[in-house]
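Here the structure is laid out as structure tokens; the discussion comes afterwards.
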Amino acid sequence: PRKPMSENALSRAYRTSPAFAGRHVPHGWRSTFSTIMNERAADHERAGDREIIDLMLGHKPEGVEATYNRAAYMNRRRQIAQEWADLLSKGLVPPEDLLG
């Protein structure tokens, strides 16, 4: 419980699980994150989140703005990441209870 998972742990779990084998891959979480967080941004009239969500996925902006605007928007990225984490962990046992 105190070691990080390997980069292949989720992929292996999906391949060996009867419920997910051939149906889901870890990369699908990127689409899920983008879809859900962009929908939430639209619902809450946060149009500027779209570009930040793309940055969080590692997408590089193009054009003149990308050349001059090197802002990382870290504060908003942290807020979006926390919102996502809260959605995923809703109803779960707190992590500190797992280490007890």
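Data overview
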read-out	value
Gain in span if fully extended, residue 64 to residue 44, counting 0.36 nm per residue against the direct Cα distance	4.3 nm
Relative contact order %, the chain, counting alpha carbon pairs below 8 Å whose residues are six or more apart	19 percent
Convex hull volume of the chain per residue (C-alpha atoms, cubic angstrom)	164 Å³
Loop-located trypsin sites (Lys or Arg not before Pro) in segment 56-100 whose Cβ has at most 10 other Cβ within 10 Å (DSSP)	70, 90
Accessible surface of the chain, 1.4 Å probe, proportion on carbon and sulfur as whole %	55 percent
Pairwise FRET efficiency - residue 10 versus residue 99, Cβ, R0 = 30 Å, nearest 0.05	0.90
Selected from 63, 22, 48 as most flexible by GNM, with the chain as the system and alpha-carbon contacts under 10 Å	63
Among 13, 41, 81, residue whose mean-square fluctuation peaks in a GNM of the chain (springs only between Cα atoms under 10 Å)	13
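The values are calculated or read from the model by the stated rules, or taken from the named source; none is laboratory data. In this text, all values refer to a predicted model and were calculated from it rather than measured experimentally. Every residue, glycine among them, receives a Cβ derived from its backbone with ideal geometry; neighbour counts consider all protein chains shown. Note: accessible area is taken over every heavy atom of the protein model, side chains too, but ligands, DNA and RNA are not part of it. Shrake-Rupley method; radii C 1.70, N 1.55, O 1.52, S 1.80 Å.
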